[in-house]
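Here's the structure, in structure tokens; my notes come after.
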């Protein structure tokens, strides 16, 4: 299992989103903690390190630290 960390600005955006957008993103992040490569999509070139989660109303950019088993949420964007 990977440990989830947030950039403070990304966390603030996620916390401010309405539940209809926040809940699917939260569930997707939980799935990524179990298997970040399967539960996410490549962000740009598929290097296995920078990944993204896309839901109907939001997306998040993640940094995957395979050695320490960490996921850092770098950016959250609310799509409305």
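Just so it is clear, none of the values below were taken in a lab; they were calculated from the coordinates. Being a predicted model, the structure only gives us computed values, none of them experimental. Note: ideal-geometry Cβ built from the backbone for every residue, glycine included; neighbour counts use all protein chains shown.
Do we have residue 10 as in contact with a strand residue (DSSP E or B) (Cβ under 6 Å, 6 or more places away or on another chain) and either outside any loop (DSSP other than H, G, I, E, B) or closer than 20 Å to residue 80 by Cβ (or both) here? When the stated conditions are applied, residue 10 passes them.
Among the candidates 39, 19, 32, the residue that is free of Cβ contacts under 8 Å to residues at least 60 places away in the same chain, out of contact with any strand residue (DSSP E or B) (no Cβ under 7 Å at 6 or more places or on another chain) and surrounded by 12 or more Cβ atoms within 10 Å (Cβ to Cβ) is uniquely 39.
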